[in-house]
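First up is the structure itself, then whatever we jot down about it.
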Amino acid sequence: MTTRTRILTGITTTGTPHLGNYAGAIRPAILASRDSNADSFYFLADYHALIKCDDPLRIQRSRLEIAATWLAGGLDVERVTFYRQSDIPEIPELTWLLTCVAAKGLLNRAHAYKASVDKNVEVGEDPDAGVTMGLYSYPILMAADILMFNAHKVPVGRDQIQHVEMARDIGQRFNHLFGQGKEFFTMPEALIEESVATLPGLDGRKMSKSYDNTIPLFTSAKDMKDAISRIVTDSRAPGEAKDPDNSHLFTLFQAFATAEQSAEFRSELLQGLGWGEAKNRLFQLLDSELGEARERYHQFIERPSDLEDILQLGASKARAVATPFLYELREAVGLRSFVSQVQVATQTKKKAAKAARFVSFREEDGSFRFRLLSADGEQLLLSNNFADGKTAGQVTKQLQSGQPLDVRSDDLSFSVWLEGECVANSPAFADSAARDAAIDALRVALTPAQD
């Protein structure tokens, strides 16, 4: 069976999406998510936004606009896991676990931090003037984003390759310290798409909010036409041959046109097409390409409750992976329940037959739950919520009684039923083979030992 490649992409919520964001990141990511061999995680990096922006209204608006952009662009939330970073409390907790193993010397070499220090030194300031711990620790938060979901591939720009490499270093350090032969974290790889367009802005520089040279993606048709009219061109008059290879306008046209359309447009420029008409052609192309998506975008903007529902469902999918995994990591570093089975160094005959164990705990709302962990610490089951500890205890006794188990598979997970009622669920597994192996392990774990 082919293993699905897990791909993770985040976009920082500090501004309104523009054509460059769409062509360089959003569109290729949406297309990649349709690959049947891809297991795609896409998130709004709103914790990261706090590092760059201290305007709450701007961050809130950007979260709304970027979520609507992904969905209007065709992201299928049934196929992918689409969530807000801030809806996953396991991420900041993992960030702290990783902070405790990350070397300060590694963070000192981060490009963003070094650039800030160099700029301060250049003007005679204290090296760390204006540097927050958010900026300094940014690579650890990004490592937590990646390692929490054990992403295999992380599409990034070249300026972010270092952060993926740092995630590998930090993950390897954690595996070495706490893995005891088990690799908790998959080592991610930066995915650089050489063919993905980097679009020029109105002034010819890279399209960027910091240069104030962007064309907003889903602005009105009138505003888009006005923005396109401000694209800088040379002084060649209508009838004079233009140079497509050095035309920012032609580069923008190519990013959204078919090969045939590009070839025709190039030919017309060489034959002297006027810049005014060329800009009108670009507007017509973009309006045709983005018109339907623009309508969907504004529908989402006007119905934020629909966006909220979609993101909450995405958060539930993400937490189905993150919650049990973080529990494993907490166990690994020693943050264990006092009622858990204590592992002792003395090797005895009894220990050689170490069994699975139930771990009971109480939620913040006062309800009770239990986990079933295999002999090697893997979570096999997480129970439903019970009103009191006595009921939860009775269910665990029934599961250990030796009676036939009612196990029901559902895609990449399974559930356990007692007397016609679902009482516990498994985490989601990477594929059906892993799910079936876990079911076998569950049956073995709950089979009473023979004297």
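The values are calculated or read from the model by the stated rules, or taken from the named source; none is laboratory data. These figures come from a predicted structure and were not determined experimentally. As a convention, Cβ positions derive from the backbone with ideal geometry for all residues, glycine included, and neighbour counts pool all protein chains shown. For the accessible areas, the whole protein counts, side chains as well, though only heavy atoms, and no ligand, DNA or RNA atoms are used. Shrake-Rupley method; radii C 1.70, N 1.55, O 1.52, S 1.80 Å.
From the set of residues in the range 1-44 that are assigned to a loop (DSSP other than H, G, I, E, B) and buried (at least 19 other Cβ atoms within 10 Å of the Cβ), which is nearest to the chain's Cα centre (by Cα)? Out of the qualifying residues, it is THR13.
Filtering the range 250-301 to residues that are over 22 Å from ALA237 (Cβ atoms) and among the hydrophobic types (A, V, I, L, M, F, W, C) leaves ALA255, PHE256, ALA257, ALA259, ALA263, LEU285, LEU286, LEU290, ALA293, PHE300, ILE301. Selection of the range 45-58 for residues being closer than 19 Å to LEU307 by Cβ, in contact (Cβ under 8 Å) with a residue 24 or more places away in the chain and assigned to a helix (DSSP H, G or I) yields ASP46, TYR47, ALA49, ARG58.
Tallying residues that are in a helix (DSSP H, G or I) and either closer than 10 Å to SER137 by Cβ or open to solvent by less than 50 Å² (accessible area, probe 1.4 Å) (or both) within the range 97-107 yields 6. When ASP126 is tested against (1) more than 17 Å from ALA318 (Cα to Cα); (2) modelled with pLDDT of 95 or more; (3) in a helix (DSSP H, G or I), exactly one condition is not met: (3). Checking the stated criteria, LEU147 turns out not to satisfy the condition of being among the aliphatic types (A, V, I, L, M), over 27 Å from ASN21 (Cα atoms) and out of contact with any Cys (no Cβ under 7 Å at 6 or more places or on another chain).
Screening LYS52 on (1) surrounded by fewer than 22 Cβ atoms within 10 Å (Cβ to Cβ); (2) under 22 Å from ASN150 (Cβ atoms) shows it passes everything except condition (2). Being open to solvent by 60 Å² or more (accessible area, probe 1.4 Å), closer than 25 Å to LEU8 by Cα, touching a residue at least 60 places away in the same chain (Cβ under 8 Å) and not acidic (Asp, Glu) is a description that does not apply to HIS111. Would you call SER267 under 25 Å from ALA227 (Cα atoms), part of a helix (DSSP H, G or I) and open to solvent by 30 Å² or more (accessible area, probe 1.4 Å)? Answer is yes for this residue. The C-beta contact set for the range 162-182 (first residue within 22 Å of GLU331 (Cβ to Cβ), second residue open to solvent by 80 Å² or more (accessible area, probe 1.4 Å), distance under 7 angstrom, 6+ apart or interchain) comprises ASN175/GLU183. Taken as a whole, the condition of being of a type in the set (Lys, Arg), surrounded by 14 or more Cβ atoms within 10 Å (Cβ to Cβ) and not in a loop (DSSP other than H, G, I, E, B) does not apply to ARG236. The one condition from (1) under 17 Å from the mean Cα position of the chain (by Cα); (2) open to solvent by 10 Å² or more (accessible area, probe 1.4 Å) that ARG158 does not meet is (1).
Given the condition closer than 26 Å to ALA434 by Cα, loosely packed, with under 15 Cβ neighbours inside 10 Å and among the small types (Gly, Ala, Ser), answer yes or no: does some residue in the range 397-404 qualify? Yes, the conditions are met somewhere in the range 397-404. Taking the criterion of being touching a Ser or Thr at 6+ places or on another chain (Cβ under 7 Å) and open to solvent by 40 Å² or more (accessible area, probe 1.4 Å), the residues of the range 420-429 that qualify are ASN425, ALA428. Could you list, in sequence order, all residues of the range 79-96 that are within 24 Å of ALA29 (Cβ to Cβ) and in a loop (DSSP other than H, G, I, E, B)? Scanning the range 79-96 gives ARG79, VAL80, ILE88. Does the range 66-78 hold any residues that are touching a Phe, Trp or Tyr at 6+ places or on another chain (Cβ under 8 Å) and either in a helix (DSSP H, G or I) or open to solvent by 60 Å² or more (accessible area, probe 1.4 Å) (or both), and which are they? ALA67, ALA68, THR69, TRP70, LEU71, ALA72, listed by residue number.
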